[in-house]
Amino acid sequence: MKKRVLTGDRPTGRLHIGHFLGSLRNRVEMQETHDQFVLIANVQALTDNFDDPGRVKDSILELLCDYYAVGIDFDKTTVFIQSEVPQIHEIFVYLANFVTIQQVSHNPTIKTELKQKRMEKSTPLGFFMYPVHQAADILCVRADLVPVGKDQAPMVEGTRDLAKKFNEMYGKAVLTEPEAVYGVEKNVPGVDGNEKMGKSLNNAIYLGDSRDELRKKVFLVYTDPNRIHADDPGSVEGNIAFTYHDLFNSDKSEVEDLKSRYRAGKVGDVVVKERLFEVMDEFLSPIREKRREAEERKQELLEKALEGSKKVREIADEVVGEMKEAMKIKF
Ligand code: TRP
């Protein structure tokens, strides 16, 4: 039996190269070896975007195209949409008995997000509850494994804890306790040098960017601000052109050569960036091509996600049934 793995994305925009290196690439591999589920968390996305539902809706199609473009195979991976699986909300309500308000307020991810979103003084309950709702995402398919980045680790820990408490309380292994899987953390900084790439920071290179957009962004990449002339010795540390070379240029000796010439003031930014553009374009071209194909087939991909949602409803129905049985509310 293959192990079951679940990951998810909030539909709030297109996916970028940081998403590719951080998770998409891993999903393409996992679909061959695992029973993989990918959740489009549109209800969760509403918790901090309820004033912009159109964006959440449109982003679902963008995500589907991005998935297809990088090689997620909808016949191997079950892609599903959160709002199509109301059992998640039901499981969430039952789980809520097993966690305190104090525990959620100490969740490091929630703390950081409340600060970032300036919601510390006035916290919407919907947003505050999302870690418990996310636990229901994971438990509704009986996931064994949840590959996550460090920022989502407390969510998976919380899920394990909830499952364990529920099972112990009712003396039966009803819920599957999931394990977090941490990949090699690849931090992909934004083109502006910000340590995170993100759409709100306006510093991302998207999987669907055209050649021209890519070129423009590569030439705007933050390098060494102290280097004024091409023959000044330059720094490669914190120099995003070199960070991207390290990530995308498979010719390591070329990268080392460029670095040493850059340090010695023997190669200019333009040459480094021109080569970076070529390398990144080589990487993005096939993805861009497949993305164009996906855009022609959006409706078909949505159908697939709705079929996936139906399959998840059936699994989640069983989980709900067993939970109700354990809680003596099943008639
Ligand atoms: N919170 C995740 C994020 O912002 C998205 C998500 C929702 C998720 N449900 C999930 C991730 C379940 C893993 C498992 O990226």
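I need the phi-derived Karplus couplings for the range 186-196: 6.51 cos²θ - 1.76 cosθ + 1.60, θ = phi - 60°, integer Hz, Gly and Pro marked x.
Values, residue by residue: 9, 7, 9, x, x, 4, 8, x, 4, 5, 10 Hz.
How would you order 235-247, 3-15 from highest to lowest mean count of nearby Cβ atoms within 10 Å?
3-15, 235-247
Highest GNM mean-square fluctuation, the chain, Cα pairs closer than 10 Å: which of P154, P225, P286?
Maximum among the listed residues: P225.
Using the Karplus curve 6.51 cos²θ - 1.76 cosθ + 1.60 with θ = phi - 60°, work out ³J(HN,Hα) for each residue of the range 147-160 in order, rounded to whole Hz, and write x for Gly and Pro.
My calculation for the range 147-160 gives x, 9, x, 4, 5, 9, 4, x, 5, 6, 4, x, 5, 4 Hz in order.
Among the listed pairs K150/K216; K117/K216; K199/K298; K121/K196, which have their C-alpha atoms separated by more than 28 angstrom in this model?
From K150/K216; K117/K216; K199/K298; K121/K196, over 28 Å: K150/K216; K117/K216.
I'd like the Karplus ³J(HN,Hα) series for the range 121-131: coefficients 6.51, -1.76, 1.60, θ = phi - 60°, whole numbers in Hz, and an x wherever there's a Gly or Pro.
So the J values, rounded to whole Hz, are 7, 9, 9, x, 4, x, 5, 4, 7, 4, x.
What percent do you get for the relative contact order of the chain when only Cα pairs under 8 Å and 6+ apart count?
The value is 22 percent.
Name the most mobile residue of D257, D224, D35, meaning the one with the largest mean-square fluctuation, in a Gaussian network model of the chain with Cα contacts below 10 Å.
It is D257.
Got the relative contact order for the range 242-331 handy, in percent, Cα pairs under 8 Å and 6 or more residues apart?
Here the relative contact order equals 19 percent.
Taking 10 °C and 1.306 mPa s as the conditions, I'd like the Stokes-Einstein D for the range 211-291 in µm²/s, using the Kirkwood hydrodynamic radius from alpha carbon pairs.
123
If a/c stays under 1.5 just call it rounded; otherwise compare a/b with b/c (prolate if a/b is bigger, oblate if not). Do that for the chain, with a ≥ b ≥ c from the square roots of the Cα gyration tensor eigenvalues.
prolate
Every number in this text was worked out from the coordinates using simple rules, so none of it is lab data. All of these numbers come straight from a predicted model, not from anything done at the bench. FYI the Cβ positions are ideal-geometry reconstructions off the backbone, even for glycines, and counts take in every protein chain you see.
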